[in-house]
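> I have a structure here, written as structure tokens, and I will follow up with some questions on it.
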Amino acid sequence: MPTLVSTEPNTQRELHLAARMSKLGTETTFEVLNKARALERQGKKILHLEIGEPDFDTPSNIIEAAVQALHQGWTHYGPSAGLPDLRQTIAEEVSRSRGIPCASDEVVVVPGGKPIIFFSILALIDDGDEVIYPNPGFPIYESMINYVGGRAVPIRLREERDFRLDVNELASLITDRTRLVIINSPQNPTGGVLSRRDIHDIAEVIGDRNIMVLSDEIYSRLIFEGEHYSIMAIPGFKDRTILLDGFSKTYAMTGWRMGYGVMRADLAAHITRLMTNSNSCTASFTQVAGIEAMRGDQSSVEKMRSEFQRRRDVFVTGLNKIKGFSCRMPKGAFYVFPNIQKTGWKSKKLADALLEEAGIACLSGTAFGDFGEGYLRFSVANSLENLLQALDRIDTWTGSNV
Ligand SMILES: Cc1ncc(COP(=O)(O)O)c(C=O)c1O
């Protein structure tokens, strides 16, 4: 279960919260970040390896496009599904990169990748409907499935398979109540990447059942080995796939809040209604900058990717020299997910101790579900210098505690 938010009473009156709020989880990253900041205020030097965002600034051509858009008056409401030019740009980019024709009425622009998870589950899942989701995995899947009254069915990602899901296991989890299967490649938190063969096997196991697939491809441009392949490209799956991607990770735009979903046009219209009811639209000037991000110079994307790869190599090699740690080489995203079972520590206790005693902020594998026990997640979205210092500190700490 995701950690539940504590709600301390702060007035005389009892707060009558809707029952469903007890089912809503959270993302531990933000809690660890707050704790780390509190330690920093006490004068401690913390190395931040917890947060999942590029440490680079947004490329300057994108910033420039947003500034210009503000001056040109892109400061008003826009259409709920997104600006037509951006939807068209996304449709063209997805058609090219995924090798399947997409039209602009199949695109919905939303504030970040996350709302596509929120809206898809809200739109598709009724009480008792089953949703299969990766565990360890991005915690918002489980949180949202529980929130809407669905049945969260975890599929365990195993280290010995390089954290690629096992299709036989998937086959055994599918029932008549399965409405949605969530896949995520490259994966958070493990860095696992599904191969073309894996994706074909997943499609075969789902067969012609009326099951939707939420394919979270937010790290699609952050691949170090292999290729990115989308289930949307498999014949018969275009209509059953909701492709999630966005700008946060690819263009270092986490704070801009812009992402998108690509899906059959009738579902896109329903997701748009959810947008109208919640956000009205994604910020207009941000969307104009999004067009520049996709159409403009892509060299910064490759620069960031190769820098993450360099850091991954150094950090994983270093971790493998530390007592009790063993770490596979992740094939994508910017996370490493070492096995820490041989330290004799439980994940959460170890993450807490590393923060408090060694000044390393990282996440317990259990922040990503029960099957994350025995692992930690480190983000390598930090300078090489800081990563080397972190390795040093972990090594020193384990020297006297493991
Ligand atoms: C797997 C996965 N999906 C979706 C998101 C959400 O991305 P955004 O910040 O664009 O909402 C994240 C962010 O960490 C993620 O790791």
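The values are calculated or read from the model by the stated rules, or taken from the named source; none is laboratory data. What you see is a predicted model, and the numbers here were worked out from it, not measured in a lab. Don't worry about glycine lacking a Cβ; one is built from the backbone with ideal geometry, like all the others, and counts go over all protein chains shown.
> Cβ-Cβ under 8 Å, sequence separation 6+ or interchain: first residue in the range 194-214 and modelled with pLDDT of 95 or more, partner basic (Lys, Arg) and not in a loop (DSSP other than H, G, I, E, B). Which pairs?
Taking only residues 6 or more apart or on different chains, the pairs are Ile206/Arg240; Asn210/Arg240; Ile211/Arg179; Ile211/Arg240; Met212/Arg179; Met212/Arg240; Val213/Arg240.
> Do you know which of the residues in the range 204-230 that are of a type in the set (A, V, I, L, M) and in contact with a Ser or Thr (Cβ under 6 Å, 6 or more places away or on another chain) is farthest from the ligand (Cβ to nearest atom)?
By that ranking, first place goes to Ile211.
> Which of (1) more than 16 Å from the ligand (Cβ to nearest atom); (2) surrounded by 15 or more Cβ atoms within 10 Å (Cβ to Cβ); (3) not in a loop (DSSP other than H, G, I, E, B) does Ile121 not meet, given it meets every other one?
So the condition that Ile121 fails would be (1).
> Could you say whether any residue in the range 145-155 is aliphatic (A, V, I, L, M), under 18 Å from Thr26 (Cβ atoms) and in a loop (DSSP other than H, G, I, E, B)?
yes
> Mind telling me which of the residues Gly52, Gly73, Gly43, Gly99 ends up being among the small types (Gly, Ala, Ser) and within 16 Å of the ligand (Cβ to nearest atom)?
Gly52
> While we're on this one: I'm trying to understand the selection: among the residues of the range 39-98, which are within 24 Å of the chain's Cα centre (by Cα) and hydroxyl-bearing (Ser, Thr, Tyr)?
Thr58, Ser80, Thr89, Ser95, Ser97
> Do any helices (runs of 4 or more DSSP H) entirely within the range 9-115 hold 3 or more residues that are under 27 Å from Met144 (Cα atoms) and of a type outside the set (Asp, Glu), and if so, which?
Helices (runs of 4 or more DSSP H) meeting the threshold: 28-41, 84-98.
> Can I ask one more? Going residue by residue through the range 87-96, is there one that turns out to be among the hydroxyl-bearing types (Ser, Thr, Tyr), within 28 Å of Cys281 (Cβ to Cβ) and away from the ligand (no atom under 15 Å from the Cβ)?
Within the range 87-96, one or more residues are among the hydroxyl-bearing types (Ser, Thr, Tyr), within 28 Å of Cys281 (Cβ to Cβ) and away from the ligand (no atom under 15 Å from the Cβ).
> Please go through (1) surrounded by fewer than 22 Cβ atoms within 10 Å (Cβ to Cβ); (2) within 14 Å of the ligand (Cβ to nearest atom) for Thr282 and return the number of the only condition it doesn't satisfy.
Result: Thr282 passes all but (1).
> Right, another one. For the range 184-301, please list each of the helices (runs of 4 or more DSSP H) lying entirely inside it that holds at least 3 residues being within 18 Å of Ala103 (Cβ to Cβ) and of a type in the set (A, V, I, L, M).
In the range 184-301, the matching helices (runs of 4 or more DSSP H) lie at 265-278.
> Okay, next question. I want to confirm something. Restricting to the range 230-267 and keeping residues that are among the basic types (Lys, Arg) and more than 19 Å from the chain's Cα centre (by Cα), which single residue is surrounded by the fewest Cβ atoms within 10 Å (Cβ to Cβ)?
This residue is Arg264.
> Being out of contact with any Gly (no Cβ under 9 Å at 6 or more places or on another chain) and of a type in the set (Val, Ile, Thr) is the filter here, so list the residues in the range 273-308 that pass it.
Selection gives Thr276, Thr286, Val288, Ile291, Val301.
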